[in-house]
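Peer 1: Have a look at the structure that comes next, please.
The values are calculated or read from the model by the stated rules, or taken from the named source; none is laboratory data. Bear in mind that the values here come from a model prediction, so they are computed numbers and not experimental data. Positions of Cβ are backbone-derived with ideal geometry, glycine not excepted, and every protein chain shown enters the neighbour counts. What goes into the accessible areas is simple: the full protein's heavy atoms, side chains included, and nothing from ligands, DNA or RNA. Shrake-Rupley method; radii C 1.70, N 1.55, O 1.52, S 1.80 Å.
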Amino acid sequence: MEKHDGRDTGKVRFDDPWYDALASGWGELDGTGAPAPAVPPAHPEQERRAGGAADVYLEVQRSAAFQEVRSRYRRFVVPGVAVFFTWYVGYVVTATTAPGFMATPVAGAVNVAMVAGLGQFLTTFLFTWAYARHARLRRDRAALDLRWDTQELTRSVRGGER
């Protein structure tokens, strides 16, 4: 755990968007073996204004920025999954329908089936790397900005609480 020096040192803010709920003991056992009590809301009036926060999330979901993030995600994932699934099914179908071809030697005891099987692992790692790179370069910044804006909007709906 990092040490933070500042005016909020030692205070736990439950309205913080970066707060980890599990750190509060939620869902964990207390010292007696019984479930720990749930953390009460920081401000009871938050429960009455929950409808306003829900409206903010619906508004953000309809926004052009959110739609652009979702569109970028789909433009990468849909073709990527289609190519990967086709490659996987092609390997399985070829292995079952053309065992003679798969048994063709490539180098020594290594045959086409072994090369294609290792290719499955290689393409899995390549697809994972490409996905992470695409997310980092094309979506993460926009999604983080959208998340920050959403938190600011919900804070203003709740009355500017801190």
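Peer 1: Counting only residues that are of a type in the set (S, T, N, Q) and within 22 Å of the chain's Cα centre (by Cα), which one in segment 58-95 is surrounded by the most Cβ atoms within 10 Å (Cβ to Cβ)?
Peer 2: Within segment 58-95, the first condition is being of a type in the set (S, T, N, Q), and the residues that meet it are 61, 63, 67, 71, 86, 94.
Narrowing the set further to residues that are within 22 Å of the chain's Cα centre (by Cα) leaves 61, 63, 67, 71.
On the way: Gln61: 11, Ser63: 14, Gln67: 11, Ser71: 12.
Here the residue is Ser63.
Peer 1: Please go through (1) surrounded by fewer than 10 Cβ atoms within 10 Å (Cβ to Cβ); (2) touching a residue at least 60 places away in the same chain (Cβ under 8 Å) for Gly100 and return the number of the only condition it doesn't satisfy.
Peer 2: Gly100 satisfies every listed condition except (2).
Peer 1: Hey, can you tell me all the residues within segment 116-161 that are among the basic types (Lys, Arg), open to solvent by 60 Å² or more (accessible area, probe 1.4 Å) and over 16 Å from the mean Cα position of the chain (by Cα)?
Peer 2: Scanning segment 116-161 gives a single hit, Arg158.
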